[in-house]
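Notes to accompany the following structure.
The values are calculated or read from the model by the stated rules, or taken from the named source; none is laboratory data. Note that the structure is a prediction, hence the values are computed from the model and not measured. When we count neighbours, we look across all protein chains shown, and the Cβ atoms used for this are built from the backbone with ideal geometry, even at glycine.
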Amino acid sequence: MIILGLDPGLGTTGWGVIHADGDRLRHIANGQIKTDPSMALPRRLANLNAALTDVILAERPDSAAVEEVLGNTNAQSTLKLGQARGVVLLTAATAGLIVGEYHPSTVKKAVVGTGGAEKRQIQAMMAVLLPGVKLAGPDAADALAVAITHAHHLASAAGMARRARIMA
């Protein structure tokens with residue numbers, strides 16, 4: 001299964017694509033979509049949509065996963081992040097992808113082992129979990145971590161479904 005992970009942001013949205021076969025993971029691609037802060041918000045959101053659509057068309061994922069938004073002390077920043085996240089969710093759904101959503105602490109725990117991991121720890125784990133990966137930046141590393149989290153959750157769900165069929 002090809003999984004697209006997304007770390008939404010208005011300034012920079014990270015994306016990462018992996019191939020998951022059970023517990024085997026392989027890096028396919030990663031990158032960052034940047035929007036111009038001098039542009040009006042609607043134009044930035046439209047550019048994010050167009051660039052993400054291009055990624056989806058190029059990589060042809062089977063599934064997508066998006067990191068949830070954490071609120072912060074600046075309400076305006078949280079609102080803009082939420083708007084970018086909305087565009088990311090809409091773009092993936094419009095492409096026909098089923099989208100998983102994960103809290104940042106769930107992602108950190110899945111790839112580092114602790115929900116309080118720092119960005120540099122996530123980047124280091126990408127080198128371990130996806131040998132040879134060349135990261136486009138920290139947001140791309142976060143997006144790959146989201147994709148890996150989704151792969152683990154899908155594998156667990158598939159395992160539980162198999163066990164349920166056997167017991168039935």
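Some points to look at:
- Residue check, Ala110 among the small types (Gly, Ala, Ser), assigned to a helix (DSSP H, G or I) and free of Cβ contacts under 8 Å to residues at least 24 places away in the same chain: no
- Pro104 being of a type outside the set (Phe, Trp, Tyr), closer than 15 Å to His150 by Cα and at pLDDT 95 or above: no
- Contacts under 8 angstrom Cβ, first residue in region 82-94 being in contact (Cβ under 8 Å) with a residue 60 or more places away in the chain, partner small (Gly, Ala, Ser), 6 or more apart: Ala84/Gly9; Ala92/Ala64
- Residue check, Lys34 more than 16 Å from the chain's Cα centre (by Cα) and either under 19 Å from Ala141 (Cβ atoms) or touching a residue at least 60 places away in the same chain (Cβ under 8 Å) (or both): no
- Residue list for region 60-81, restricted to those being surrounded by fewer than 17 Cβ atoms within 10 Å (Cβ to Cβ) and in a helix (DSSP H, G or I): Ala75, Gln76, Ser77, Thr78, Leu79
- Among the conditions (1) more than 12 Å from the chain's Cα centre (by Cα); (2) over 17 Å from Leu129 (Cα atoms); (3) not in a helix (DSSP H, G or I), Glu101 misses just one, which is (1).
- Candidates Ala136, Ala84, Ala140 - the one that is outside any loop (DSSP other than H, G, I, E, B), touching a strand residue (DSSP E or B) at 6+ places or on another chain (Cβ under 6 Å), modelled with pLDDT of 95 or more and of a type outside the set (D, E, K, R): Ala140
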